[in-house]
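Below is one structure, written out as structure tokens, with a few remarks after it.
The values are calculated or read from the model by the stated rules, or taken from the named source; none is laboratory data. Model, not experiment: these values are computed from the prediction. Here the Cβ positions follow ideal geometry from the backbone for every residue, glycine too, while neighbour counts run over all protein chains shown.
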Amino acid sequence: MERGMMKIRTGRLTAGLIALLVLLTLGAAAPARAQETTATPMVDSNTSAADVVERVRPAVVTVINEQRRGGLGSDTGGLHPAGAGTGFIIDDEGHIVTNWHVVDGGDEFEVIFADGEAHPAELVGADEVSDLAVVRVDEDLPPAVPFGESNALEPGQPVLAIGSPLGTFTNTVTKGIISALGRTFPPTAGVPTIYTNLIQHDAAINPGNSGGPLFNLAGEVVGVNTLGIPEENGQPVQGLFFAIPSDTVQKIATQLIANGEVQYPFLGVAVAPVTEELAVQEGLPIAQGVLVTGVEAGSPAAEAGIREGDVIVALDGVTINRENSLAEVLFAYAPGETVPVSVQRGDERLELDVTLGERPEG
């Protein structure tokens, strides 16, 4: 893809959203671990935005995706930049978080620091489902930035985004507020895990911002910017930007650093979040949880007795709602674990034990 064009992530989005969801990488093919770090200390919440930026800016980097001419993996040509995104340093071992779609298809990678100094980077691991990746630079680095708790965010809370829009305007800072939480794109089966629980905000981001941090005014990373909606029905849309919650980012980064991949528990159902409108439409006795719209034959859900038309209300006592998506709650468990699942079937409440499988590839 030519530099300067916005990347539309297709693959697993429904047709109605393909034209709307534009990932914020530039040119690349479709984009904490619990350890001791030298993370920047928390900044007092009354500190000005300029003070926060001065402290955290050195940890924000530009990530360059380089590919060989003549095709992926080819030895017939030299490397050339195929795209650019943003990343940020998370520990003193050189680990840098970015988006999967920033590094996807890359043969080699380069990281450019805020002072303009460039260094080669190795890919530690990448996960398409969450759209997250970790690269590593074996050099002396600026201090890392700390993660904040995304589950503590509230609509109206001010946030800052720092990134490299268009791959050229490095360390660009924009300011906005949290607009909403728990956004889902789309509310049907087959979507990537993270698209069930995005942070919506209005701090302006553009192609090249992919993988960049979203900060609170304490100087903590509360999200990773991943996509925006530029237009709908041919009309421009303003202020609709989305980030992966930091609580999810830390879980994914931990597994990528430790194993180079992420193991997802597998339930084997297609679901739709239950809203008041859906409850009325389907004649459901409750207005929370997720409606099972399909059950894969031979899956853990099928073997446990979950049926199409059931409503999954809770896992091990944790209620499924806008704050606790099914995917997020599931991710707390490992493949092979047995989890009690509360199911509403008509007027009957059932408690079923499900032994989770491992999410199949593809």
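Scanning the range 276-312 for residues that are charged (D, E, K, R) and under 20 Å from Y264 (Cβ atoms) returns E296, E303. Taken over the range 285-322, the criterion of being closer than 10 Å to V274 by Cα and of a type in the set (S, T, N, Q) is satisfied by Q288, N321. Given (1) of a type in the set (D, E, K, R); (2) over 26 Å from the mean Cα position of the chain (by Cα); (3) crowded, with 21+ Cβ neighbours inside 10 Å, identify the lone condition not met by E328. Exception for E328: condition (2). Annotation: E139 fulfils all but one of (1) over 27 Å from P265 (Cβ atoms); (2) modelled with pLDDT of 95 or more; the unmet one is (2). Within the range 287-335, no residue satisfies the criterion of being part of a strand (DSSP E or B) and among the acidic types (D, E). Screening V341, V318, V295 for residues that are under 23 Å from V249 (Cβ atoms) and β-branched (V, I, T) leaves exactly one candidate, V318.
For S210, are the conditions met, namely being modelled with pLDDT of 95 or more and either hydroxyl-bearing (S, T, Y) or surrounded by 24 or more Cβ atoms within 10 Å (Cβ to Cβ) (or both)? No: the conditions fail for S210.
Criterion first (modelled with pLDDT of 95 or more and on the phi < 0 side of the Ramachandran plot) does V329 satisfy it?
No: the conditions fail for V329.
Restricting the range 78-97 to residues that are buried (at least 24 other Cβ atoms within 10 Å of the Cβ) and closer than 11 Å to I64 by Cα, the residue that is modelled with the lowest pLDDT is G83.
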